[in-house]
Amino acid sequence: MDPLKQKFNEKASALRTEMRALLKEHGTQKVDEVILSQVFGGARGIKMMVWETSQLDPIEGIRFRGYSIPELKELLPKIPGGKEPLPEGLFWLMLVGEIPTEEEVAWLTEQWRHRSNVPEHTFKTIDSLPADTHPMTQFTVAIASMQTESCFSRRYGEGIKKTEYWDPTYEDAMNLIARLPRVAAYIYRRSYHNGDHIAPDFSLDWAANYAHMLGVSDHDDFKSLMRLYLTIHADHEGGNASAHTTHLVGSTLSDPYLAFGAGMNALAGPLHGLANQEVIKFIFKMLDALGTTTPTNNQIAEYVNSTLAAGQVIPGYGHAVLRQPDPRFTAQKEFAEAYLPNSEIVQVVWKLFEVVPGILQGLGKVKNPWPNVDAHSGAILVHYGLKEYSYYTVLFGVSRALGVLAAQCWSRALGMPLERPKSVTSKWVKEWVAKEVSKA
Ligand code: HAX
């Protein structure tokens with residue numbers, strides 16, 4: 001058994017025993033109260049799932065296994081002389097709860113290289129789609145096509161014991177993560193560079209190799225950006241739509257390819273991961289309408305107000321849980337301040353940050369007027385030459401695989417059951433309310 005798998009097995013067996021005992025003793029204890037507006041309001045805040053890899057605080061933002069993003073930037077291994085953390089290190093941390101050593105991360109980089117071979121039929125499947133198919137559609141189709149390789153599906157068919165489900169789930173997670181950069185880069189080159197593909201460079205780490213295969217910039221800073229980007233987008237606890245969808249579909253014992261593919265369909269919505277494309281589209285449209293690349297705060301305010309008056313949202317702002325600027329926005333802002341402080345498009349993002357929160361606050365209904373993860377990424381990508389914004393959510397998806405697939409290993413190891421919450425009809429609600437009123 002490989003060292004990461006061995007470590008995971010030890011941790012998982014211990015936690016499984018602990019949780020069984022805890023549930024036996026405290027299983028009937030109340031965790032939460034649910035109010036009617038939560039039933040109608042997208043189940044906001046209802047505690048109904050266990051997610052080991054990260055937890056979100058409305059004020060502090062995300063913590064991965066207890067570590068904030070600034071702490072991880074400090075503690076996770078980097079390439080020699082590098083400033084940004086390696087996503088391999090975050091995956092290790094999410095899976096087994098320990099900050100890995102440099103040697104452990106080097107081992108994981110090598111594992112993912114070793115497992116990165118993409119089946120030929122996946123490339124053929126992608127090529128069979130019209131060239132202008134949205135990259136997220138190509139991505140989910142490609143993920144589904146790799147399901148032919150699923151160890152979980154094969155072992156389940158052969159008759160595996162429940163207590164062993166985690167093992168082929170781990171294998172699928174590792175193989176799928178290893179293959180995603182090649183698949184994602186293939187989609188990019190096919191869609192925007194006439195299918196002029198770039199072979200992987202196996203001397204590079206996972207994120208840098210992805211940057212290399214995209215072929216938009218030879219600059220080492222772009223590789224650094226990708227290491228940071230693929231680290232900070234990886235996980236945002238279990239309730240967000242892409243994580244929850246992966247969890248829900250996985251709970252039927254669909255294998256990790258099918259479950260993750262479903263999660264990516266959720267990420268492709270404009271209220272979720274597609275917001276990174278929508279933000280830069282919004283910025284380009286605004287600059288076009290204002291006839292300048294260096295708008296003033298007043299001009300921006302006027303444009304934002306007209307967008308709101310037209311009944312549209314301001315992409316990149318607001319969040320279902322966060323009530324402060326997203327630390328993932330701040331991490332990207334700090335990157336831009338260090339690497340590209342004079343970029344005109346980045347300056348526009350910073351001006352929006354000065355203007356938008358006040359306007360949204362003034363509406364009196366927006367619970368979080370602050371920027372989220374998607375408010376900044378596009379401007380930095382444009383600076384490095386990745387201008388095709390329809391592709392941006394694929395980058396997010398490659399990163400999100402780390403969190404949701406580590407979490408899927410835990411769901412299998414802890415024996416999480418089929419997810420099946422209760423729904424009610426509006427007739428039931430009216431009758432229930434009438435009964436409650438008559439009781440009062
Ligand atoms: N612009 C304008 N109005 C906004 C707004 C924004 N950025 N954010 C929230 N609102 C509005 C809502 O549309 C809602 O209006 P109605 O009552 O008229 O329907 C009201 O404010 C209350 O919404 P909320 O409770 O503050 O926010 P929700 O939890 O319902 O929704 C969203 C959270 C992220 C979906 C929302 O803030 C939004 O639409 N933002 C813009 C899209 C975006 O950036 N999405 C990415 C989020 C991060 C992410 O998942 N990335 O992957």
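The values are calculated or read from the model by the stated rules, or taken from the named source; none is laboratory data. Since the structure is predicted, the reported quantities are computational estimates derived from the model, not experimental observations. When we count neighbours, we look across all protein chains shown, and the Cβ atoms used for this are built from the backbone with ideal geometry, even at glycine. Note: accessible area is taken over every heavy atom of the protein model, side chains too, but ligands, DNA and RNA are not part of it. Shrake-Rupley method; radii C 1.70, N 1.55, O 1.52, S 1.80 Å.
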Starting from segment 282-364, pick out the trypsin sites (Lys or Arg not before Pro) whose DSSP state is loop and whose Cβ has at most 10 other Cβ atoms within 10 Å. none
Quick one: length gained pulling VAL313 to THR17 fully straight, 0.36 nm per residue minus the C-alpha distance? 101.9 nm
Equivalent ellipsoid dimensions for segment 246-399 as semi-axes, Å, which come from the Cα gyration tensor, largest first: 28, 19, 14
Loop-resident GluC sites (Glu not before Pro) in segment 1-108 with no more than 16 other Cβ atoms inside 10 Å, DSSP not H/G/I/E/B, are GLU33, GLU60, GLU98
Quick one: give the max-minus-min coordinate of the C-alpha atoms of segment 239-314 along each principal axis, largest first, in Å. 53, 21, 16
Quick one: what Rg and Dmax do you get for segment 12-128 from the alpha carbons, in Å? 20.1, 55
Along Cα→Cβ, 7 Å out, is where each label goes; now give me the distance between the ones at ASP132 and GLU71 in nm to one decimal. 4.9
Relative to the compact-globule estimate 2.2 N^0.38 Å (N residues), the Cα gyration radius of segment 1-70 stands at a ratio of 1.49
Radius of gyration and Dmax for the chain's Cα atoms, expressed in Å? 22.4, 72
Could you give the length gained by full extension between VAL216 and ARG44, i.e. 0.36 nm per residue of separation minus their alpha carbon distance, to one decimal place? 58.0 nm
Report ASP220's accessible area, 1.4 Å probe, all protein chains in place, as a number in Å² to the nearest 10. 110
Could you run the Debye sum over the Cα atoms of segment 174-250, one equal point scatterer each and no solvent, and tell me log10 of I(q)/I(0) at q = 0.13, 0.23, 0.26 Å⁻¹, two decimals? -0.48, -1.07, -1.19
Label point 7 Å out from LYS24 along Cα-to-Cβ: which residues of segment 412-440 have amide N under 13 Å? none
Could you give each residue of segment 314-320 its phi-based ³J(HN,Hα) in whole Hz, using Karplus coefficients 6.51, -1.76, 1.60 with θ = phi - 60°, and x for Gly or Pro? 8, x, x, 10, x, 6, 6
Solvent-accessible heavy-atom area per residue, rounded to whole Å², over segment 346-432 at 1.4 Å: 40
Sort all Cα-Cα distances of segment 364-440 into consecutive 10 angstrom bins from zero, then give the percent of pairs in each bin up to the one containing the longest distance. 12, 19, 20, 26, 16, 5, 1
When the Karplus curve 6.51 cos²θ - 1.76 cosθ + 1.60 is applied with θ = phi - 60°, which whole-Hz ³J(HN,Hα) does each residue of segment 21-29 get, with x for Gly and Pro? 5, 4, 5, 4, 7, 10, x, 9, 6
Inter-site label distance for GLN347 and SER426 at 7 Å from Cα along Cβ, in nm: 5.1
Ignoring any ligand, DNA or RNA, what whole percent of the accessible area of segment 1-57 comes from carbon and sulfur when the probe is 1.4 angstrom? 55
So, with a 1.4 angstrom probe, what is the percent of accessible area on segment 354-400 that is carbon and sulfur? 50
For segment 187-232, dividing by residue count, accessible area per residue (probe 1.4 Å) in Å² works out to 37
